[in-house]
Amino acid sequence: MTASVLMMLVGMLAILLPAASGLAATIVVGVLLLCGGALHIALAWRGAHRGAIAGEFLLGLVYGVIGLVLLGNPVAGLASLILAISIYLAVKGVRNCFLRDGFVGRTAPAGCSSTPPSRSLSRS
């Protein structure tokens, strides 16, 4: 019960102080990216072949650099995170509307078609 009350208080504080909570979230994401990058680099040797090892190593470097950038300037990092998430959600929404296979077996949002694309198995 104590944890629930603490989480409610922290949530209310985040609502009352959005700038501070945004900066705190940016710092947390930066630390997580930095740790993830270090783990990718440390475990890259487990790859099956040179390409996999190089890929993991490069991915670790990218994660680490992005984490350092976020930690180096959290205000700009917050703006970058908001922009990146906005672009991701916009692209995903457009993809779901135009690539109808995203809605097979589900109800499509208004304005999107829910019929699956026709796939012909016959050879002509």
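The values are calculated or read from the model by the stated rules, or taken from the named source; none is laboratory data. Keep in mind it's a predicted model, so treat the numbers as computed, not measured. For neighbour counting, all protein chains shown are included, and Cβ atoms are generated from backbone atoms with ideal geometry for every residue, glycine included.
Can you tell me which residues in the range 70-89 are among the small types (Gly, Ala, Ser) and either touching a residue at least 40 places away in the same chain (Cβ under 8 Å) or farther than 17 Å from residue 32 by Cβ (or both)? Hits for the range 70-89 are 76, 77, 79, 86. Within the range 28-56, residues that are polar (S, T, N, Q) reach no partner that is modelled with pLDDT of 95 or more with beta carbons closer than 8 Å at six or more positions or on different chains.
Checked against (1) farther than 15 Å from residue 78 by Cα; (2) exposed (fewer than 14 other Cβ atoms within 10 Å of the Cβ); (3) under 22 Å from the mean Cα position of the chain (by Cα), residue 32 meets all criteria but (1).
Residue 82 meets the conditions (1) exposed (fewer than 12 other Cβ atoms within 10 Å of the Cβ); (2) closer than 22 Å to residue 18 by Cα in every case but one. The failed one is (1). For residue 39, the test of being aliphatic (A, V, I, L, M) and touching a Leu at 6+ places or on another chain (Cβ under 7 Å) is failed.
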